[in-house]
Amino acid sequence: MGIETKEPLLVSQAEAARSLGICARTLNYLIANKDITAVRIGSRTLIKYSSLHQFVRRDHPSPSKRAAQ
């Protein structure tokens, strides 16, 4: 009756950064720019696991191309 999944629904910021191979500061930048969805539960900020997958699948233009837009 419950949700059956092998993937966690939410992961910690440290685990999300480690999964993406980036530092925590870069992850915070991505959260602030709404590139990755975060959820606050109490004092913890958790990352939606599905948001990590969506982020990885998207095209990421280089900073110089982003500035030209």
Under 5 Å from the placed amide H of Leu10, counting only residues 5+ away or on other chains, we find Tyr49
Using each residue's phi in segment 38-55, evaluate 6.51 cos²θ - 1.76 cosθ + 1.60 at θ = phi - 60° and report the 3J(HN,Hα) Karplus result to the nearest Hz, with x for Gly and Pro.
10, 10, 9, 10, x, 8, 8, 10, 10, 10, 5, 4, 5, 5, 5, 4, 5, 4
When Lys and Arg each count +1 and Asp and Glu each count -1, what net charge do the other residues less than 10 Å away from Ser12, Cβ to Cβ, add up to?
+1
Return a whole-number percent for the relative contact order of segment 2-56, with Cα pairs under 8 Å and 6 or more residues apart as the contact set.
40 percent
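Computed from the coordinates by the stated procedures, all read-outs in this text should not be read as laboratory data. The shown structure was predicted, so the numbers you read here are calculated from the model rather than taken from an experiment. Cβ coordinates were reconstructed from backbone atoms using ideal geometry, including for glycine residues, and neighbour counts include every protein chain displayed.
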